[in-house]
1. Not counting the cut sites, what is the longest span of the chain without chymotrypsin sites (Phe, Trp or Tyr not before Pro) that DSSP labels loop and that have at most 16 other Cβ atoms within 10 Å?
2. Is segment 368-504 rounded, prolate or oblate when judged by the Cα gyration tensor, a ≥ b ≥ c being the square roots of its eigenvalues, rounded requiring a/c under 1.5 and prolate requiring a/b larger than b/c?
3. Looking at segment 1-74, which trypsin sites (Lys or Arg not before Pro) are DSSP coil and have at most 10 other C-beta atoms within 10 Å of their C-beta?
4. Residues of segment 495-524 with the amide nitrogen closer than 12 Å to a label point 7 Å from the Cα of residue 448, along Cα-to-Cβ, please.
5. Rounded to the nearest 500, what is the 222 nm mean residue ellipticity of the chain from helices alone, with -39500 (n - 2.57) per DSSP H run of 4+ residues and division by all residues?
6. Quick one: which residues, 5+ away or cross-chain, put their amide H under 5 Å from the amide H of residue 170? H built at 1.01 Å from N.
7. Within the accessible area of segment 98-143, what % is carbon and sulfur when the probe is 1.4 Å and the other protein chains stay in place?
8. Can you work out the Karplus-derived ³J(HN,Hα) for every residue in segment 84-89? Use 6.51 cos²θ - 1.76 cosθ + 1.60 with θ = phi - 60°, whole Hz, and x for glycine or proline.
Amino acid sequence: MTETIEDRAAAFAIQPGYHALGGAYVSPPAETLLALLTAFGIPAEGPPPRAAPPEMRAPEGEPCFLPEGGMRLWGIAAQLYQIRSARNWGIGDFADLCELARIAGACGADFIGLNPLHALFLANPSHTSPFSPSNRRFLNPLYIAVDRLPGYHHALRPENLSTLQEPDLVDYPAVAAAKIGALRRLWLEGPDDPVAFDRFCAVEGDLLRRHALFEAISARMAAEGHGAGWRGWPEEYHDPSSPAVTAFADAHAEDVGFHLWLQWIADRQLGEARDACRKAGMKIGLYLDFAVGEVPDGSSTWSDPSLAVPGLRIGASPDWFNAQGQDWGLAPLSPVKLADLRAAPFGALMQDATRRAGALRIDHAMGVWQLFLIPDGMTAPEGTYARYPIEDMLRELAAASRRNRTIIIGEDLGNVPDGFRDVMAQMNILSYRILLFERHDHGYIAPEHYPQEALVCLSTHDLPTFRGWWRGDDVVIRRDFRLISEEAARHQADFRWTERRQLLEDLARAGLLGWDEIDRIGPEDPPEALVVAVHRHLARTPSRLFAVRIEDLAGEVAPVNVPSTVDEHPNWRRRLGVPLEDLADTALFRNIAGALAAERPRDPS
């Protein structure tokens, strides 16, 4: 019997079909299956695989770290860049994070959730998405608080500081120019603690040096018009061990040293923020975020090209929110390589990611089981899923979690395979539950029916703020950017009336709003009493963790990010309207924080 391309793909854990979010079975084109086989180095014809495809199950051994007892804690989720303060240089920084820790801790919060802090491209500061990193192992130096460094003096303060501070959007190129210029002048004075700097470089090893070398070459190549990403560079610079790269490293040792130093001081200031959380009495502290992949032309794929799969991009299948699916433009790790190495490279990433984190969110947690992959030259609807060595990956994740005593939260949204949340529960990985998605046929799931082993929140960075959702702004945005059809937009707008009424009735039944009161609330801007009530309502769940968005504490309307847009919307640039110095004094902040502290009081022990 002749083996079909579907049979061949299935034997190597490439799915010849999948069930979409609505339940329909989707069969990708044969060209997609052939492209994935080719990308993984598997011939279209030949012997069967050495091992059977992976099965969805938890590995034997100890699960992830989870504190004993029935903790019910709350914290604040923020995008670090969006913080506005009187002292920062137009972008939130690690010193602002220390101050936010003081403010949050004083209100009874036990963690601060952050966007991914991964390294992007210093030579291309307009590349702003924290979920499209150049290298997940290292940090974004634009978060360094320059004025908190030893040796800083007033002459380093940018002359255009007010121009950086005033806009409602982060001007990344201007911020980068000001910060990197000042940091280079400080670097000329040398590290303030040479022994600690040398120790850091020795511990981080070759991968740090290659990242620093990449950044130095990237700056030169961008200046010469080749672009910040290595795929646009002359061929002789594609291989980090090539003679041209070696010669560059020798000739520009000072530039390479500068980028080593940037990583050292960024790591040190992040450590200071972690210590500030502890000083503020937080039980968890920093709740960091780990992106699902890296861009194909960044530091990581240049430093170790053997781990990434060229010719494929990570995305998401079409769904209710985006009829065309999503193409995230990220390079996947090779499931074949990970299986051969028992997921050791993933384990190294997890050890590094958990080192300063009291909690870690795994973006698109289903990626330890399967990723939706799109071959180059094809669109998202033509993609399909490839399976990963889930047992090895979970074993490595658990080891890192236990070693660093880090709580793991898995972002289990979108097309979640049957049985995956059971595996998460077995591994002590908290589920990620969003009020706007937690519904049944008759309305919203009652707070008492939420799982204990979960983090709950009203919405997240890819969703509207509560004010924006209440007003229906998100539906209008999706329609205007042609992410959904006019018909779908009408249906979603009509359904929003139902959603609003169901939520109001839930709040009335819970005694958080009066029945006569809810009849007076329309679809316009929600009154403050409603915003506070919905937060208090969700905080009553038995779930271990509750996160309130800083945008909702500050009364923001516009979304942080609109998925599947790039230049159409100012994604990852919008700054808070309320300065950090004034935030805790606003009535909305005080009332929401007070409600959460009342529902989830801090255990004095």
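The values are calculated or read from the model by the stated rules, or taken from the named source; none is laboratory data. All values reported here derive from a predicted model rather than from experimental measurement. Here the Cβ is made from the backbone with ideal geometry for all residues, glycine too, and neighbour counts use every protein chain on show. Just the protein is used for accessible areas: all its heavy atoms, side chains included, with ligands, DNA and RNA removed. Shrake-Rupley method; radii C 1.70, N 1.55, O 1.52, S 1.80 Å.
1. Counting at most 16 other Cβ atoms within 10 Å as exposed, the longest clean stretch of the chain is 153-319.
2. On the way: a/c = 2.43, a/b = 1.37, b/c = 1.78.
It is oblate, given that a/c is not under 1.5 and a/b is not larger than b/c.
3. Details: sites: 8, 50, 57, 72; in loops: 50, 57, 72.
Of the trypsin sites (Lys or Arg not before Pro), the ones in loops of segment 1-74 whose Cβ has at most 10 other Cβ atoms within 10 Å are 50.
4. In segment 495-524, the label zone of residue 448 (backbone N under 12 Å from the point 7 Å along Cα→Cβ) covers 510.
5. On the way: 21 runs with 236 residues, N = 605.
Computed ellipticity for the chain at 222 nm equals -12000 deg cm²/dmol.
6. The list, which skips near neighbours in sequence, is 574, 575.
7. Working: 490 of 1020 Å².
Solvent-exposed carbon and sulfur of segment 98-143 make up 48 percent of the total.
8. For segment 84-89, the Karplus-derived couplings read 9, 8, 6, 10, 6, 9 Hz, x marking Gly and Pro.
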